[in-house]
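The structure under discussion appears below in the form of structure tokens.
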Amino acid sequence: MRNGLPIVLCCVLAVTVAAQSVYNSTPDWISSDTPISTGAALVDLDRDGWLDLVVSNGNDMRRERVAVYYNQGDGTFPATPDWQSDDILYNGHLDVADVNGDGWPDVAVAHLGTGGTFAPIARVYLNNSGTLSSTPDWSADVSGNAFGVAFGDVNNDGWPDLAVATGWSYSPQRYYNNCVYLNVGGALESTASWASDDTDHCMGAAWVDADDDGWLDLAFAGSLYRSRIYRNLGGTLETTASWHAADVSSPDMIMVTGGDVTGDDLPDVIFADNNQVGGGSGRFRQYDGQPDAMPESNASWTYFDGYCSAVALADVDADGDLDLATGAWWDNTRLFFNDGSGFGSSPDWSSGVTSVVEKIVFGDIDNNALHEASETFVGDGQRKLFYLSRRQIQQVNSIDIDGLDEDFDYTYSREHGWISVEQAPQDYLEVRYTYSNRLDMAITNWDDGVGNYVYYNQLVCPGDLDGDDDTDHADLGILLADWGCTGGDCPGDLDGDGDTDHSDLGILLADWDCP
């Protein structure tokens with residue numbers, strides 16, 4: 001039963017939604033500025049209830065700025081940024097989290113540079129009541145080359161720690177340790193507490209509980225060296241990775257993400273393996289999770305796309321499982337719909353335009369399908385890391401640990417859907433958050449002749465009879481009131497046969513809770 005109604009036609013819902021065009025083939029918004037854009041995040045920087053777009057520019061081609069396109073309060077962005085940093089650097093990717101615990105999301109940016117251009121490998125711009133600092137408030141103590149940054153919580157204390165993926169794989173190669181800067185009570189430490197034993201080149205970083213033990217492990221996308229995961233052993237990362245991708249020995253992997261895509265409640269990891277340098281396969285590669293162990297070391301699913309550059313997981317078709325978005329240089333953006341156990345051999349949607357895709361991010365930009373959710377996890381007095389059933393989440397609104405009237409520290413990932421809390425619940429953890437069933441898609445592009453893109457989600461609800469963009473009890477009431485109508489002009493006729501009957505009821509029940 002779901003909301004008091006039997007799920008008699010659940011498979012019809014998946015077919016109905018997947019058959020629709022989730023996005024238009026061409027972007028609904030293209031920025032008029034054309035920087036060399038790299039990293040991106042959708043986040044409500046000014047806390048006005050609308051997602052803003054943060055972009056880092058420069059890559060290894062030109063010194064540029066970090067930029068913010070503020071949502072104009074109607075689901076649209078301006079053609080050019082409202083804010084730009086004062087400093088100009090070769091910016092790599094970025095990530096967002098509330099570093100100092102003041103309730104305002106802050107922005108960390110990697111510095112890629114060139115083979116002979118060095119700067120702090122990561123910087124943080126604090127959020128001053130909706131406006132980022134014009135120059136960094138924190139900089140890493142290592143100068144060099146880094147492409148990826150990722151906030152996680154390595155020690156489950158409820159504060160976001162910062163991982164940095166380092167290296168320069170072009171000639172002449174530059175080598176650095178990959179590192180993690182711990183957050184100590186609201187400030188990143190000045191010197192990294194964790195560094196990898198190796199100095200292999202890594203491009204992308206992501207925190208994922210790869211062995212499902214309640215601690216975030218750290219995955220790196222390797223370039224010229226095998227991609228790897230450093231296992232988190234009760235709050236301490238191993239310095240020599242215990243997991244490596246075994247099927248590509250000299251890849252050019254650029255990005256990594258994780259989540260359960262096979263429907264077995266185990267985290268899978270997916271990499272974008274470019275074939276520009278080394279022995280890269282030019283494929284997107286999925287490595288399946290295993291019970292009480294790290295993922296399999298050989299990919300179970302791949303798709304060839306050449307200059308593979310970006311991967312992201314999101315439930316774009318609102319059927320309850322994670323779909324895969326992919327991007328490549330001078331190529332299309334593609335979507336692979338999840339059938340409940342994984343992805344097919346070919347994409348279900350491809351953009352009608354190409355770009356040099358760098359980052360794909362999701363969120364409800366126009367606020368047209370926001371829902372409030374309350375999710376309760378059973379406590380055991382030990383576990384502090386939990387994955388919400390939906391991602392990307394719009395925001396976490398509040399938490400309740402065992403009914404205690406205290407303000408506990410917590411941090412979370414909008415993009416990956418995890419939350420960590422400083423105190424392990426004995427009885428329960430309740431998380432109240434906002435999510436959407438119509439995720440819009442933003443894409444950054446480093447072709448300096450093309451702007452950045454936004455695609456608005458076009459899903460409609462087949463069972464929506466009252467026009468409120470939901471399929472719910474009000475629509476059921478209309479259909480039942482119209483039951484038995486024949487001869488056309490029937491308000492409850494959903495299948496267009498001129499009658500209101502059981503086939504219309506089947507459509508409505510399959511579409512229940514849309515969007």
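The values are calculated or read from the model by the stated rules, or taken from the named source; none is laboratory data. Note that the structure is predicted; figures quoted are calculated from it, not measured. Don't worry about glycine lacking a Cβ; one is built from the backbone with ideal geometry, like all the others, and counts go over all protein chains shown. All accessible areas refer to the heavy atoms of the entire protein, side chains included, with ligands and DNA or RNA removed. Shrake-Rupley method; radii C 1.70, N 1.55, O 1.52, S 1.80 Å.
Couple of notes before you dig in:
- Positions within the range 96-129 being of a type in the set (Asp, Glu) and either more than 29 Å from Asn457 (Cβ to Cβ) or free of Cβ contacts under 8 Å to residues at least 60 places away in the same chain (or both), in sequence order: Asp102, Asp106
- Matching residues in the range 223-236 - criterion: being outside any loop (DSSP other than H, G, I, E, B) and in contact with a Phe, Trp or Tyr (Cβ under 6 Å, 6 or more places away or on another chain): Arg228, Ile229, Asn232
- Candidate set: the range 431-468, residues that are touching a Phe, Trp or Tyr at 6+ places or on another chain (Cβ under 8 Å) and of a type in the set (Asp, Glu); chosen: the one modelled with the highest pLDDT: Asp440
- Check on Asp86, of a type in the set (D, E, K, R) and within 26 Å of Gly186 (Cβ to Cβ): yes
- Residues located in the range 354-382, provided they are within 17 Å of Asp402 (Cβ to Cβ) and in contact with a Leu (Cβ under 9 Å, 6 or more places away or on another chain): Glu375, Thr376, Phe377, Val378, Gly379
- For the criterion of being crowded, with 17+ Cβ neighbours inside 10 Å, in contact (Cβ under 8 Å) with a residue 12 or more places away in the chain and on the phi > 0 side of the Ramachandran plot, Asp513 passes.
- Just one of the listed residues (Val149, Val154, Val164, Val109) is part of a loop (DSSP other than H, G, I, E, B), surrounded by 24 or more Cβ atoms within 10 Å (Cβ to Cβ) and β-branched (Val, Ile, Thr), namely Val154.
- Neighbours by Cβ (under 7 Å, 6+ apart or cross-chain): first from the range 468-484, part of a helix (DSSP H, G or I); second open to solvent by 50 Å² or more (accessible area, probe 1.4 Å) and not aromatic (Phe, Trp, Tyr): Ala474/Asp466; Asp475/Asp466; Ile478/Asp466; Ile478/Pro491
- Selection from the range 136-169 of residues that are small (Gly, Ala, Ser) and closer than 21 Å to Gly222 by Cα: Ser143, Gly144, Ala146, Gly148, Ala150, Gly152, Ala163, Ala165, Gly167, Ser169
- Qualifying residues in the range 47-63 (those that are buried (at least 18 other Cβ atoms within 10 Å of the Cβ) and of a type outside the set (S, T, N, Q)) - the one farthest from Gly130 (Cα to Cα): Asp60
- Single unsatisfied condition, Ala140 versus (1) at negative phi; (2) open to solvent by less than 30 Å² (accessible area, probe 1.4 Å); (3) within 23 Å of the chain's Cα centre (by Cα): (3)
- Of the strands (runs of 3 or more DSSP E) entirely within the range 237-311, those holding at least 1 residues that are hydroxyl-bearing (Ser, Thr, Tyr) and surrounded by 22 or more Cβ atoms within 10 Å (Cβ to Cβ) occupy 252-259, 283-287.
- Of all the criteria given as (1) of a type in the set (Ser, Thr, Tyr); (2) closer than 23 Å to Ser169 by Cα; (3) open to solvent by less than 10 Å² (accessible area, probe 1.4 Å), the one not satisfied by Thr333 is (2).
- Test for Ala369: is it more than 25 Å from Thr34 (Cβ to Cβ), open to solvent by less than 30 Å² (accessible area, probe 1.4 Å) and touching a residue at least 40 places away in the same chain (Cβ under 8 Å): yes
- Filter result for Thr471 (open to solvent by less than 30 Å² (accessible area, probe 1.4 Å), at pLDDT 95 or above and among the β-branched types (Val, Ile, Thr)): no
- Filter result for Asp315 (open to solvent by 20 Å² or more (accessible area, probe 1.4 Å), touching a residue at least 24 places away in the same chain (Cβ under 8 Å) and within 15 Å of the chain's Cα centre (by Cα)): yes
- Residues of the range 485-510 satisfying the condition of being of a type in the set (Gly, Ala, Ser) and either free of Cβ contacts under 8 Å to residues at least 60 places away in the same chain or surrounded by 19 or more Cβ atoms within 10 Å (Cβ to Cβ) (or both): Gly487, Gly488, Gly492, Gly496, Gly498, Ser503, Ala510
- Residue count, the range 372-396 (criterion: open to solvent by 60 Å² or more (accessible area, probe 1.4 Å) and in contact (Cβ under 8 Å) with a residue 60 or more places away in the chain): 6
- Near pairs, Cβ below 7 angstrom, 6+ apart or cross-chain, from the range 438-455 (more than 22 Å from Leu324 (Cβ to Cβ)) to any residue that is aliphatic (A, V, I, L, M) and modelled with pLDDT of 95 or more: Asp447/Val356; Asp448/Ile36; Gly451/Ile30
- In the range 167-194, the residue that is most open to solvent (accessible area, probe 1.4 Å) out of those that are in contact with a Leu (Cβ under 6 Å, 6 or more places away or on another chain) and hydroxyl-bearing (Ser, Thr, Tyr) is Ser193.
- Note on the range 226-236: among residues that are among the hydroxyl-bearing types (Ser, Thr, Tyr) and buried (at least 22 other Cβ atoms within 10 Å of the Cβ), the one that is farthest from Gly167 (Cα to Cα) is Tyr230.
- If you go through the range 336-366 and pick out every residue that is free of Cβ contacts under 8 Å to residues at least 40 places away in the same chain, over 18 Å from Asp321 (Cβ atoms) and buried (at least 19 other Cβ atoms within 10 Å of the Cβ), you end up with 0.
- For the range 83-101, a residue qualifies if it is open to solvent by less than 30 Å² (accessible area, probe 1.4 Å), part of a loop (DSSP other than H, G, I, E, B) and among the aliphatic types (A, V, I, L, M), and exactly one does: Val99.
- Count of the range 112-137 residues, restricted to those that are closer than 23 Å to Tyr412 by Cβ, open to solvent by 30 Å² or more (accessible area, probe 1.4 Å) and in a loop (DSSP other than H, G, I, E, B), is 3.
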